[in-house]
Amino acid sequence: MKKGEIKAFVFDMNGVLVINRKHILRKTRKQFASPGVHRYVASKLKISLDQYFDAIETAYAKSIEGKIPEKQLYKIITKNLKTSRKNLIRLYKIGFRRKYYQNKRLYRLAFKLKKEGYKISILSDQWPASKEALALPKYLKKFDKVVISCDVGLRKPNPRIYKLALRQLKLKPKQAVFIDNQEWNTKAAKKLGMNTILFKDNKTFTQQLKKFK
C-alpha cells in the first residue's frame, strides 16, 4: 500500500457504528442480527421466541435483500403475529433503541476523517424495521454515500454489494478501507482487493487506523 493511496473509509453499522448493548449472539437462528430485539417484541406480543421466529423468518430474510417491498413485509408478519402494523413498528422502534446505542465516538472519528479529506461511506445489512430505528438521518446525511441492503437488493458478503459501494465512491478496491465486525464480511471485501479492519472496539480501531493514514 502506497502512502496516500487510501481515499475512503467504508463503515458497517450493526456492531460498528451501532452497538448491541449486551453483545449477545444467539447460538441458534444466527441469521437474526439482533436477538434481543426479537425477544423483546415476542415478549410484548405474549408469544414464544420460536413462535415469533416461525412467523417472521421467511419474510424477514427476504426483506434484508430487498426481495419483498416493505408494505408486503408488514402485511405478512402482522397477519402471522396477529397484530397491527402500527403496533409492530412501535415495538421494533422501542426494542432497537433499548438494545442498541449509537457509537458516537466512532461517528466523530468518521467525521474527522472526512474533514481530513477522505470520503466516508456506510455499507450495511438492514431490514426495514432496523433501518428505521438505527439508520438515523442526522448521522447518515454526513456520509458521502450510504448503501443499505434492503434498499439495493443485495447483502454482504455478496461481492456485488461491495462493488456497488466502490462504484458510488468512484474508487478502486485498493483505495478503500472496509470496517466490519464480522470476519466473513471482511474476508469477502479483502478478496476483492479492499483493505479491511475487523472492528473490535473504538480503542483498537484507532490504533488500526494509523497504518492507513
Spacing of the two label points (7 Å from each Cα toward its C-beta) at LYS7 and ASP201, in nm: 3.6 nm
Ranking of VAL37, VAL10 by count of other Cβ atoms within 10 Å, fewest first: VAL37, VAL10
Listed candidates [x] 18.0, 54; [y] 17.2, 50; [z] 17.7, 58 - label of the one calculated as Rg and Dmax of the Cα atoms in Å: [z]
Distance from the range 95-169 to the range 36-92 (C-alpha centre basis), Å: 23 Å
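Can you show me the helix-derived [θ] at 222 nm for the chain, built from DSSP H runs with n ≥ 4 at -39,500 (n - 2.57) apiece and divided by the number of residues, rounded to the nearest 500. Walk me through the numbers before you get to the answer.
Values: 11 runs with 108 residues, N = 213.
Value at 222 nm, helices only: -15000 deg cm²/dmol.
Any chance you could run the full-extension gain for LYS114 through LYS75? It's 0.36 nm times the residue separation minus the Cα-Cα distance, nm to one decimal.
On the way: separation 39, 0.36 × 39 = 14.04 nm, distance 4.05 nm.
Gain on stretching LYS114 to LYS75: 10.0 nm.
Sort 140-148, 191-199 for me by packing, meaning the mean count of neighbouring Cβ atoms within 10 Å per residue, highest on top. Write down the numbers at each step before the final one.
Values: 140-148: 16.7, 191-199: 18.4.
Ranking the peptides 140-148, 191-199 by packing returns 191-199, 140-148.
Values in this text are rule-based calculations from the coordinates and carry no lab data. Here the structure is a predicted model, which means the values were calculated and not measured. We place every Cβ from the backbone using ideal geometry, glycine too, and count neighbours over all the protein chains shown.
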